[in-house]
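The next block holds one structure in the form of structure tokens; read it before the comments.
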Amino acid sequence: MAISREKKTAVVSDIADLFISSKLTVYAQISGLTVADAQALRRAATTDHTVVRVVKNRLVKIAMKSDERFQQTDVSGLSGQLLYAFNADDEIASAKTLADFAKTHDSLKLVGGFDAEGHRLSEQEVTKLAALPSKDSLRAQLIGTLYAPVSGFVRVMSGNIGGLLNVLKAHQEQLSKI
């Protein structure tokens with residue numbers, strides 16, 4: 001069923017706003033994806049603030065041309081039934097969401113993406129981004145790396161103090177036997 005020009009204009013405006021605010025936009029083929037699966041994907045996407053839209057590629061191309069960052073972007077890969085995932089909070093969340101969902105649903109296949117500067121990303125690049133650890137995980141690794149030398153120093157110092165206490169205790173026991 002065809003939608004009116006006003007609705008198309010609203011959809012283009014909505015998609016353009018999503019492109020402007022998104023740090024990473026990922027798109028995937030959805031041939032054979034059921035409505036129930038699409039709803040499950042949308043529910044999974046809301047946990048990390050990813051917005052999932054199924055929009056005609058022609059409208060996406062119009063929305064992209066309205067932003068100067070995407071005017072020179074290669075859009076030749078936007079064909080077929082595609083689903084778009086946008087995330088304004090996290091650079092890799094949209095890729096992770098779709099990649100995780102694709103692991104359990106063969107009807108969803110990652111195709112590519114666009115970064116915030118308007119560069120097109122290949123399927124391999126998006127897959128590599130999806131394999132990266134989350135921001136919280138990277139922060140924990142960084143803190144652990146920064147904390148390791150301090151913790152090692154504390155263990156060495158406590159070992160020396162513990163050794164001194166053992167010597168003093170042994171000396172006290174020896175004096176008490178006399």
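Which residue, of Ala38, Ala10, Ala45, Ala16, is within 23 Å of Glu125 (Cβ to Cβ) and either among the small types (Gly, Ala, Ser) or more than 16 Å from the chain's Cα centre (by Cα) (or both)?
Values: Ala38 fails: within 23 Å of Glu125 (Cβ to Cβ); Ala10 fails: within 23 Å of Glu125 (Cβ to Cβ); Ala16 fails: within 23 Å of Glu125 (Cβ to Cβ).
Only one candidate qualifies: Ala45.
Can you find, within the stretch 15-55, the residue that is farthest from Gly118 (Cα to Cα) among those that are charged (D, E, K, R) and touching a residue at least 12 places away in the same chain (Cβ under 8 Å)?
Asp37
Within the stretch 138-145, is there a residue that is surrounded by fewer than 10 Cβ atoms within 10 Å (Cβ to Cβ) and not assigned by TED's automatic domain parsing to the domain that holds Asp90?
Applying the first criterion (surrounded by fewer than 10 Cβ atoms within 10 Å (Cβ to Cβ)) to the stretch 138-145 yields 145.
Those still in the list that are not assigned by TED's automatic domain parsing to the domain that holds Asp90 too: 145.
Yes, the conditions are met somewhere in the stretch 138-145.
Would you mention how many residues in the stretch 85-94 are aliphatic (A, V, I, L, M) and either surrounded by fewer than 22 Cβ atoms within 10 Å (Cβ to Cβ) or modelled with pLDDT of 90 or more (or both)?
2
If you take the residues in the stretch 66-88 that are over 17 Å from Pro133 (Cα atoms) and in a strand (DSSP E or B), which one is farthest from the chain's Cα centre (by Cα)?
Leu82
Here is a list: Ser107, Ser158, Ser122, Ser134. Which entry is modelled with pLDDT under 85 and surrounded by 13 or more Cβ atoms within 10 Å (Cβ to Cβ)?
Values: Ser107 fails: modelled with pLDDT under 85; Ser158 fails: surrounded by 13 or more Cβ atoms within 10 Å (Cβ to Cβ); Ser122 fails: modelled with pLDDT under 85.
The match here is Ser134.
Results for (1) polar (S, T, N, Q); (2) closer than 22 Å to Ile92 by Cβ; (3) in a loop (DSSP other than H, G, I, E, B); (4) not assigned by TED's automatic domain parsing to the domain that holds Val126, shown as yes or no for each residue.
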position	(1), (2), (3), (4)
Leu18	no, yes, no, no
Gly32	no, no, yes, no
Asp48	no, yes, yes, no
Met64	no, yes, no, no
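Mind checking which pairs have a first residue in the stretch 60-80 that is modelled with pLDDT under 85 and a second that is acidic (Asp, Glu) and exposed (fewer than 15 other Cβ atoms within 10 Å of the Cβ), Cβ under 8 Å, 6 or more apart or different chains?
Arg69/Glu117
The values are calculated or read from the model by the stated rules, or taken from the named source; none is laboratory data. Everything numeric in this text was worked out from a predicted model, so none of it was measured. Here Cβ is always computed from backbone atoms with ideal geometry, including for glycine, and neighbour counts include all displayed protein chains.
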